[in-house]
Every structure is written in C-alpha cells, then in structure tokens.
Amino acid sequence: MTLEPRRVQSTSLVDILDRILDKGLVVAGDVRVSLANVELLTIRIRLLVCSIDKAEQIGLNWWRYDQSLVAQEETTTTIMRLENRIAELERQLAATFAPPAATSRPRSSRPRKR
C-alpha cells in the first residue's frame, strides 16, 4: 500500500478579494431595539462590496454626483453640458413635430377695392 500525496487547494486572500470584487457581495440586515413592545430604534444595513466597474455595470454610480466627492467645478461643467444637450434635443423634437409651413399664395399688386 503506497500513500500518494494529496493536493491541498488553497485560496489566498487576494483570490477571495478578486472574486468578491468581480462578482459582488451583498450583506443586508436590520437591527431593531425595542422596550416593552415599543420600537425605539431601527437601523437598516445594506452593504454592497464590489469593484467600481461592477457597480457602474449594475447602475450604482452615486459617487459621480455626490457633492462632497466631486469637485464643484466638475459638477457645474457637467450640469451645463447636460442642460445644453437637453436644449438641443428639445429643438430637434420641436422640429420633428412642428406642423408643415403653410404655402401662401402670392398677393397681387392691384389695390383692393373698398
């Protein structure tokens, strides 16, 4: 009987973090403090751990618009750019749905009778 060495598959912390950031990890929970059936405090905890790329992919990009995280100058520039784009789209929409111009008949040069 011979003993064969077993392969131990180890996962490093880096591998685990890579998987979590790639796929995402959600932790959700509620903490309620009550006294004599009277709820005194409720804390709702929602934690999402993922990479920035994954967060943007699933539609979470609040940090782009949070005033405390974005430079004021950048926010103002972005708002102006968006307002200009909205105005441009409104002009295009108005031109698309505008009634066709009425064709007018040329007036004669004769004076009108009164």
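Within the bounds of segment 29-50, is there any residue that is modelled with pLDDT under 85 and part of a loop (DSSP other than H, G, I, E, B)?
Yes, segment 29-50 contains a residue that is modelled with pLDDT under 85 and part of a loop (DSSP other than H, G, I, E, B).
Identify, please: which residue in segment 81-92 is of a type in the set (A, V, I, L, M, F, W, C) and closer than 24 Å to residue 62 by Cβ and is, among those, modelled with the highest pLDDT?
So the first thing to find is which residues in segment 81-92 are of a type in the set (A, V, I, L, M, F, W, C), and the list is 82, 86-87, 89.
From what's left, closer than 24 Å to residue 62 by Cβ: 82, 86.
Numbers: 82: 93, 86: 96.
The extreme case among them is 86.
Please work out which residue is farthest from residue 56 (Cα to Cα), limiting yourself to segment 22-42 and to residues that are small (Gly, Ala, Ser) and surrounded by fewer than 10 Cβ atoms within 10 Å (Cβ to Cβ). Let's see the steps before the verdict.
Residues of segment 22-42 that are small (Gly, Ala, Ser), as a first pass: 24, 28-29, 34, 36.
This time we only want the ones that are surrounded by fewer than 10 Cβ atoms within 10 Å (Cβ to Cβ), so: 28-29, 36.
Numbers: 28: 20, 29: 23, 36: 44 Å.
If we take residues in segment 22-42 being small (Gly, Ala, Ser) and surrounded by fewer than 10 Cβ atoms within 10 Å (Cβ to Cβ), then 36 is farthest from residue 56 (Cα to Cα).
Determine if segment 66-80 includes at least one residue that is of a type outside the set (Ser, Thr, Tyr) and at pLDDT 80 or above.
Applying the first criterion (of a type outside the set (Ser, Thr, Tyr)) to segment 66-80 yields 66-67, 69-74, 79-80.
Among the residues that remain, those that are also at pLDDT 80 or above are: 79-80.
Yes.
The values are calculated or read from the model by the stated rules, or taken from the named source; none is laboratory data. The model shown is predicted, which means the values in this text are computed figures rather than measured ones. Cβ coordinates were reconstructed from backbone atoms using ideal geometry, including for glycine residues, and neighbour counts include every protein chain displayed.
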